[in-house]
1. Okay, helix-only estimate at 222 nm for the chain: each DSSP H run of n ≥ 4 adds -39500 (n - 2.57), divide by all residues, round to 500 deg cm²/dmol; what do you get?
2. Which angle between 0 and 90 degrees, to the nearest 10, do you get for helix 82-109 versus the longest principal axis of the chain when only C-alpha atoms count?
3. Going by amide H atoms built from the backbone, whose H comes under 5 Å of the H on Val39, apart from near neighbours?
4. Along the charge dipole of the chain, which of Pro74, Leu12, Val165 sits closest to the positive end, that is, farthest toward it, with unit charges on the beta carbon of Lys, Arg, Asp and Glu (+1, +1, -1, -1)?
5. Taking the Kirkwood radius as the inverse of the mean 1/r across Cα pairs, report the Rg/Rh of region 52-162.
6. Which three numbers, in whole Å and largest first, are the semi-axes of the equivalent ellipsoid of region 1-47 derived from its Cα gyration tensor as √(5λ)?
7. Quick one: P(r) of the chain from all Cα-Cα pairs, 5 Å bins, percents rounded to integers, in order of increasing distance.
Amino acid sequence: MTQRGDATRARLIEATRSVVREVGYAHASTRVIAQAAGVAEGTIYRHFPDKASLFFAAVLEANAAVVAWVTMLPGRAGEGTVEGNLSEAAIQLVSLRDQILPLEVAIAADPELAAQRRQAMTAAGPSLPPGPPEALATYLAAEQALGRVRGDIDPGEAASLLLGVLFALGTVLAAGDGGLGPDRVASAVRLIVRGIQPAALDPQG
């Protein structure tokens, strides 16, 4: 991509963030985003295959460091402790919650966006970097192979449980109550980990 193309892409992403902040994903049309970026609507599709891809780029590129950290999590299997690794991962992921959750809700409510995401994932195939659920599941499977996670645990279900707990806590904890800070994240992870570790590794066992 040329330098001019890079600049246009960056403008589109910034315009998307701005429009979404003002009207939400449901009302953030490509026409409005293009107007905010100062380009023709067709320009969007020279940089992104569809609106869902534009939305995800706007969220993920702003949080590239977090995404990269979580993607590398499986490589930490066998290092430190399972609880410590998952606590650090969860603390990283909490910072994405306020941006990712509204997008996931919007996609679930919009069949067109949902179809676009499925098509993008199919087209990307193995080249698509793992998302948080996949990275967590792969990490847990690696720890399971090392005997640091119970053999009867489904890594994918455990990863979904962890993410579900984080999202649920973030929803019910009011900002005035301290919010979902690192201590609360670590406490939630501890409760889950005590159930997936073999008894011999459970410090309370």
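Each value in this text was obtained by applying a stated rule to the coordinates, not by laboratory testing. Note that the structure is predicted; figures quoted are calculated from it, not measured. As a convention, Cβ positions derive from the backbone with ideal geometry for all residues, glycine included, and neighbour counts pool all protein chains shown.
1. That comes out to -22500 deg cm²/dmol.
2. 40 degrees
3. Long-range HN contacts for Val39: none found.
4. Of the options given, the answer is Leu12.
5. Values: Rg = 14.9 Å, Rh = 15.0 Å.
Over the Cα atoms of region 52-162, Rg/Rh equals 0.99.
6. Numbers: eigenvalues 73, 21, 11 Å².
The three semi-axes for region 1-47 are 19, 10, 7 Å.
7. Spelled out per bin, shortest first, that is 1, 7, 13, 16, 17, 14, 12, 9, 6, 3, 1, 1, 0.
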